[in-house]
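A quick write-up on the structure given underneath.
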Amino acid sequence: MYRVGILGTENSHAMAFAKTMNIPNANGEYQYPDFRVTALYAMEKAPSEAIVAACKDESIKIVDSPEEMLDLVDCVMVTSRHGKYHKECVLPFIKKGMPAFIDKPITCSIEDVKEILEAAKANNVPLTGGSGCKFAPQLLELKEEIAAGNVGDIESGCINFPAELTSEYGGVFFYGSHLIEMTLTAFGYDMKSVQAFASAEGHLTAIARYEKYDIVMNFVRNGNYLAIAYGKKGNIVKTVDISGIYGAECGHFINMVRTGVAPMTTDELVKPVYVLNAIEKSLAEGREVALSEF
């Protein structure tokens with residue numbers, strides 16, 4: 001049995017992951033019989049207590065610090081809402097050789113994500129994480145259709161997803177990673193630069209520049225998630241359904257722990273952090289920011 005620890009339970013993602021692993025179906029069967037959440041940590045205990053109650057599992061231990069969890073688990077999921085806490089939560093476990101999932105954003109700081117990756121490499125620890133929106137079926141369909149040449153050469157594209165510049169959990173970093181990872185997944189991780197624009201009402205638009213085309217990233221808050229590719233042969237419009245992303249994330253994490261093989265490359269883990277920092281820099285300086293600047 002793999003014992004899973006969750007750090008930062010104030011995020012709704014923590015509840016979803018715990019329910020997936022700890023609640024059996026109507027026939028008493030578990031989706032992942034060899035995995036259970038066994039320990040929880042957060043700065044406030046109420047969210048952890050809610051998870052224990054929802055799972056009806058009093059054996060789940062609520063601890064007072066990440067270090068107290070070290071001997072209680074075999075792997076961890078870091079789901080703190082604010083990315084600035086992710087490094088301090090996950091490093092003790094990486095240094096002990098435990099596989100880890102780190103929720104979006106992996107971190108807010110480029111220095112932090114580099115330190116995490118260096119520790120993982122030194123301890124031969126597989127990592128995964130980021131936004132589950134990159135696993136939305138319609139987005140993966142768009143990626144496949146682009147790769148198959150169904151629209152011909154890409155001329156432009158557009159994706160929208162909500163974000164808030166003023167979020168208490170790191171501003172655009174809190175939700176912005178969803179849209180960035182969706183863009184990178186569908187149109188490629190070879191993004192060159194970004195230029196961001198904010199309206200007086202707090203709406204954010206960013207232009208992602210590639211070698212041969214630009215993609216518009218609209219951080220809108222209307223609840224409609226669209227992904228569009230414009231090509232020389234035609235266009236593709238997808239309405240993106242994110243309802244199944246927690247299950248997809250959980251499945252990727254569990255497969256990684258079982259096999260010891262990370263499902264994401266180093267570039268896939270770090271690139272969203274670079275793009276988020278480039279957006280912040282572009283807004284502050286009013287210019288296009290190359291990712292190579294980081």
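The values are calculated or read from the model by the stated rules, or taken from the named source; none is laboratory data. None of these values were measured; they are calculated from a predicted model. With ideal geometry, Cβ positions are generated from the backbone for all residues, glycine too; neighbour counts draw on all protein chains shown. Areas reflect the complete protein model, heavy atoms only, side chains present, ligands, DNA and RNA absent. Shrake-Rupley method; radii C 1.70, N 1.55, O 1.52, S 1.80 Å.
The packing ranking of peptides 64-71, 258-265, highest mean first, is 64-71, 258-265, where packing means the average number of other beta carbon atoms within 10 angstrom of each residue.
Can you give the FRET efficiency for residue 198 and residue 19, using 1/(1 + (r/R0)^6), R0 = 45 Å, r = Cβ-Cβ distance, to the nearest 0.05? The partial results should precede the final answer.
Values: r = 37 Å, r/R0 = 0.82.
E(calc), rounded to 0.05, equals 0.75.
Over region 195-251, with every protein chain in place, what whole percent of the accessible area is carbon and sulfur at 1.4 Å, could you tell me? Carbon and sulfur atoms account for 50 percent of the accessible area of region 195-251.
Send over the per residue convex hull volume for region 13-154, Cα only, as a whole number of Å³. Write down the numbers at each step before the final one.
Values: hull volume 22.4 nm³, N = 142.
Taking the convex hull of the Cα positions in region 13-154, it is 157 Å³ per residue.
log₁₀ I(q)/I(0) of region 80-156 at q = 0.14, 0.16, 0.18, 0.20 Å⁻¹, via Debye over equal Cα point scatterers, no solvent, to two decimals? Debye intensities relative to I(0), on a log10 scale: -0.59, -0.67, -0.74, -0.81.
Taking 28 Å as the limit for the C-alpha separation, the pairs 56/84; 104/192; 121/271; 134/233; 19/134; 233/281 exceed it in the case of 56/84; 233/281. Summarising the amide proton neighbourhood of residue 156: residues at separation of 5 or more, or on other chains, whose placed amide H is nearer than 5 Å comprise 230. Between the alpha-carbon centres of region 177-205 and region 50-89 there is a gap of 31 Å.
Evaluate E = 1/(1 + (r/R0)^6) for residue 61 and residue 190, where r is the Cβ-Cβ distance and R0 equals 45 Å; express this FRET efficiency to the nearest 0.05. Walk me through the numbers on the way to the answer.
Numbers: r = 44 Å, r/R0 = 0.98.
Given R0 = 45 Å and the Cβ-Cβ separation, E is 0.50.
Calculated on the Cα set of region 1-55, radius of gyration then Dmax: 11.0, 36 Å.
When you have a sec, figure out the Kirkwood radius of region 217-283 from all distinct Cα pair distances and drop it here in Å to one decimal?
15.4 Å
Using only the C-alpha atoms, the convex hull of region 181-267 corresponds to 145 Å³ per residue.
Would you kindly work out the equivalent ellipsoid of region 24-66 from its C-alpha gyration tensor and give its semi-axes, the square roots of five times the eigenvalues, largest first in whole Å?
Values: eigenvalues 104, 26, 9 Å².
Ellipsoid half-lengths, sorted descending, are 23, 11, 7 Å.
Over the C-alpha atoms of the chain, the Rg to Rh ratio, Rh being the Kirkwood estimate, stands at 0.98. The residues of the chain present an accessible area of 43 Å² per residue when probed at 1.4 Å with all protein chains retained. The alpha carbon convex hull volume per residue for region 122-223 rounds to 141 Å³.
I need to check one value: relative contact order of the chain, counting alpha carbon pairs closer than 8 Å and at least 6 residues apart, in percent. Please report the intermediate quantities before stating the final value.
Working: 633 pairs, mean separation 54.1, N = 294.
Contact order relative to length: 18 percent.
The 3J(HN,Hα) values that the Karplus relation (6.51, -1.76, 1.60; θ = phi - 60°) gives for region 267-275 are, in residue order, 5, 5, 6, 8, 4, x, 5, 4, 5 Hz. Gly and Pro appear as x.
If N is the number of residues in region 137-294, what value comes out of its Cα radius of gyration divided by 2.2 N^0.38 Å? Kindly include the intermediate steps, with their values, before the conclusion.
Numbers: Rg = 15.8 Å, N = 158, 2.2 N^0.38 = 15.1 Å.
After normalising by residue count via 2.2 N^0.38 Å, the value is 1.05.
Using R0 = 25 Å, the C-beta based FRET efficiency linking residue 1 and residue 46 works out to 0.35.
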